[in-house]
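One structure is given here, and the rest of the page talks about it.
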Amino acid sequence: MKQAWYHSIMVENAPMLFTLAGSGDFAGNVARHLGVPLAAHEEREFEDGEHKSRPLANVRGRDVFVIHSLYGEPGRSPDDKLCRLLFFIGALKDASAACVTAIVPYLAYARKDRKSQSRDPVTTRYVASLFEAVGTDRVVTLDVHNLAAFQNAFRCRTDHLEANKLFIDHFAPLVRADDVVVVSPDAGGIKRAEQFRQGLSRALGRPVAAAFAEKHRSEGVVSGELLVGDVKGRTAIIVDDLISSGTTIARTASACRQLGAKGVRAAASHGLFAANANAVLADPAVESIVVTDTVPPFRLGAALRGKVTVLDSSALFAETIRRIHGGGSIVDLLRT
């Protein structure tokens, strides 16, 4: 009897994990790291295209985490995924969940974080308002485009994770014998690249150089040819938050090669590989590409698949959930 009571208390004190259609594989990996099963839920489609979702497990008074990545895929647009996540969070709050945390490995619309021309929307802020409107207590994501804009957009609590340590652990053995330069593909990404550069330098036990490329984007057209920094004879590692069409990485890699880089590798937290990315990144200027699993590489063609390495970030999210649920700090998770 005592053992059954103890087991009941342990189960009640564990975090409750849910996921929605399209994120089951990633959420399953997170759940395995935590040793906590995914809780049962229902998603139902109606004939006219409307839908509903609800928890099938009792969430009253519980600490609940919903894992759902907001990338687009066939049959599920980012808008659809966002809407379903919001409705499900609303259902959890109406079912008396004590606290609901949205674990969103890839956060849609994080790139539209400012007005870049007259009458532009600031969509990141609108998305934040939607999360808050349904009662979301906390949002956790990985490597948004602009950290300051993300933090300022939300009024609920937020946690921003970084893939730097995953990338450093991957690259350090590969470039240990090389003279390395870390390249930001634009001025806006210099801080992200600098954090990676410092961490890689510590891992290698020696200095790592820095460089950045010029980049201008207007109406979807990217321009800019300047590259600041010495890449000649060095292995260049281009670091960015995401790869969409691949043009930014390809242009930067080409500039590095033209200035005498010995080799060019690329790392990005989110690999969307949209539009003509397979053709663009097939360019031999880019030797290899590393991304995390926040977006499954389902768009990769056969030619590009051999170039791309996908790193598992589920352990990072699992440990984050463990610490949030236990009232711990995640600051040291971000140290490299």
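Things worth noting here:
- Taking a ≥ b ≥ c as the square roots of the eigenvalues of the Cα gyration tensor, an a/c ratio of 1.5 or more together with a/b no larger than b/c marks region 230-336 as oblate.
- Here the extension length gained between residue 329 and residue 13 equals 111.9 nm, from 0.36 nm per residue of separation less the Cα-Cα distance.
- Result for the chain in a Gaussian network model with C-alpha springs under 10 Å: among 175, 144, 100, the largest mean-square fluctuation is at 175.
- Note on residue 120 and residue 176: the model spin-label points, each 7 Å out from Cα along the C-beta direction, lie 4.5 nm apart.
- If you count Lys pairs in the chain whose Cα atoms are under 21 Å apart, skipping same-chain pairs closer than 8 places in sequence, the total is 13.
- 20 Å cut-off, amide nitrogen to a point 7 angstrom out along residue 94 Cα→Cβ, residues in region 22-44: 40-44
- Diffusion coefficient, µm² s⁻¹, Stokes-Einstein with Kirkwood Rh over alpha-carbon pairs of region 164-312 at 25 °C and 0.890 mPa s: 163 µm²/s
- GNM flexibility winner over the chain from 71, 106, 126 (Cα, springs under 10 Å): 126
- Extension gain from residue 58 to residue 230, taking 0.36 nm per residue of separation minus the Cα-Cα distance: 56.0 nm
- Calculated log₁₀ intensity ratio I(q)/I(0) where the Debye formula runs over C-alpha points of region 1-152, q = 0.10, 0.11, 0.12 Å⁻¹: -0.39, -0.47, -0.55
- Grouping the Cα pair distances of region 283-324 into 10 Å bins from zero gives a pair-distance distribution of 25, 41, 22, 11, 1 percent in increasing distance order.
- Qualifying chymotrypsin sites (Phe, Trp or Tyr not before Pro) for region 263-335 [loop in DSSP, other Cβ within 10 Å: at most 16]: 298
- Taking the chain as a Gaussian network of alpha-carbon nodes connected by springs under 10 Å, the highest mean-square fluctuation of the residues 232, 93, 191 belongs to 191.
- Förster radius 30 Å - calculated FRET efficiency between residue 209 and residue 77 (Cβ-Cβ, nearest 0.05): 0.15
- About the Cα centre, charge dipole magnitude for the chain (Lys/Arg +1, Asp/Glu -1 at Cβ), debye: 680 debye
- Of all DSSP bridge pairs formed entirely within region 164-312, close to 20 percent run antiparallel.
- Of 259, 92, 248, farthest towards positive along the dipole that unit charges on Lys, Arg, Asp, Glu beta carbons give the chain: 259
- The stretch between residue 21 and residue 44, if pulled fully straight at 0.36 nm per residue, gains 7.2 nm over its current Cα-Cα span.
- Calculated FRET value between residue 198 and residue 152, using beta carbons and R₀ = 30 Å, to 0.05: 0.75
- About the centre of its Cα atoms, region 188-336 shows a dipole size close to 340 debye [charges on the beta carbon of Lys, Arg (+1) and Asp, Glu (-1) only; nearest 20 debye].
- Quick note on the chain: its Rg to Rh ratio, both from C-alpha atoms and Rh being the Kirkwood radius, is 1.00.
The numbers here are math on the coordinates, done by the rules we state, and not lab data. Note that the coordinates shown come from a computational prediction; the quantities given were computed from them, not determined experimentally. Neighbour counts run over all protein chains shown; Cβ positions are idealised from the backbone, glycine included.
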